[in-house]
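The next block holds one structure in the form of structure tokens; read it before the comments.
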Amino acid sequence: MGSALTTIGLPVALGIIMFGLGLSLTPGDFARVAKQPKAVIIALLCQLILLPAICFGLVLLFQLPPVLAVGMMMLAASPGGTTANLYSHLFRGDIALNISLTAVNSVIAVITLPLITNFAIAYFDPFDDQLGLQWAKALEVFAIVLLPVAVGMVVRRFWPRFAAGMDKPVRIASVIILIVVIAGAVASNWALLVENFARLSIITIVFCLISLGIGYLVPRVLKVGQRQAIATSFEIGIHNATLAIVIAQTVLGSVELSLPAAVYGVLMFFIAFGFGFLIRGRQGADAEGDLAADDSSEPATAG
């Protein structure tokens, strides 16, 4: 399996990232969901049902080996993360909606990620009838995903000044640690990564484009506002590859299982950046259309 750098470093890096997410969350971020239920429900349905189904179809279409197929399904089941919030900020999405969706998705993923992963393991049988992500191990997923977030929220609640001061250092530290750990993981598994990169690059690019496109187009078709659609696009389109890698390597003990997330994690940054410029080009026209629709829906008043 991976070296101590990956088995210890990756969970630590993810823990710092999720702790940083907790520092940015308040209970109001969960309550805010009730204020824009339409956008949230659409985003969650796309994230939890539509994308895993599409990923399953892609895996069958590309005829991936069983281990890589399960890795792709695990990636599809992973929630959005802080990177989605960054891209939404860059391209003028609704950051508050992003934060709320990230908060809700992180909680739901504790249940849906093991469910989807176990389905994929049962279907593709990559481990020669060995048990996969057992429900006892799902407790590890809970600890990896939610505990650092909860600690971060507690720190923000009781020591808001400290939380505000730590926000930027924690973000910087998480990025540095993550880069070092991933670089070490890539170096120690270079031959395996190179062997599978060509096979995985096409399907991960297609999946990323579909995820971003669904996250933007479905809400727009259903009359969700432009800024909210940008937010859902990045929330749905940018999966937490680090989480998928950590679960694959530390919970399930398979480096090969983490390869789809590793390849996706590299390519996603460039694809999402280009997609952001594409939808930003539509922003002016769509915003004018939204404004016109709002104006036409208002009753005329006497002069």
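Rule-based calculations on the coordinates, nothing more; no lab input. Please read all numbers here as calculations on a predicted model, not as lab measurements. So basically every Cβ, Gly included, is an ideal-geometry build from the backbone, and we count neighbours across all protein chains shown.
Fully extending the segment from F273 to K38, taken as 0.36 nm per residue of separation minus the present Cα-Cα distance, adds 82.0 nm. For the pair I205 and V12, a Förster radius of 22 Å applied to the C-beta separation gives a FRET efficiency near 0.15, rounded to the nearest 0.05.
Each label was represented as a point 7 Å from its Cα along the Cα-to-Cβ direction; for F119 and A143 these points are 2.8 nm apart. What distance in nm lies between label points placed 7 Å from Cα along the C-beta direction at K168 and V155? For the pair K168/V155, the computed spacing is 1.6 nm.
For segment 102-107, putting each phi into the Karplus relation 6.51 cos²θ - 1.76 cosθ + 1.60 with θ = phi - 60° gives couplings of 4, 4, 5, 4, 5, 6 Hz, in residue order, rounded to whole numbers and with x for Gly and Pro.
Residues in segment 216-223 carry Karplus couplings, in order, of 9, 6, 4, x, 5, 4, 8, 6 Hz; the curve used is 6.51 cos²θ - 1.76 cosθ + 1.60 with θ = phi - 60°, and Gly or Pro positions show x. Extension gain, R92 to F30, is 20.2 nm, computed as 0.36 nm per intervening residue step minus the present C-alpha separation. With a simple spin-label model that places each label point 7 Å from the Cα along the Cα-to-Cβ direction, the separation between V107 and V221 comes to 2.9 nm.
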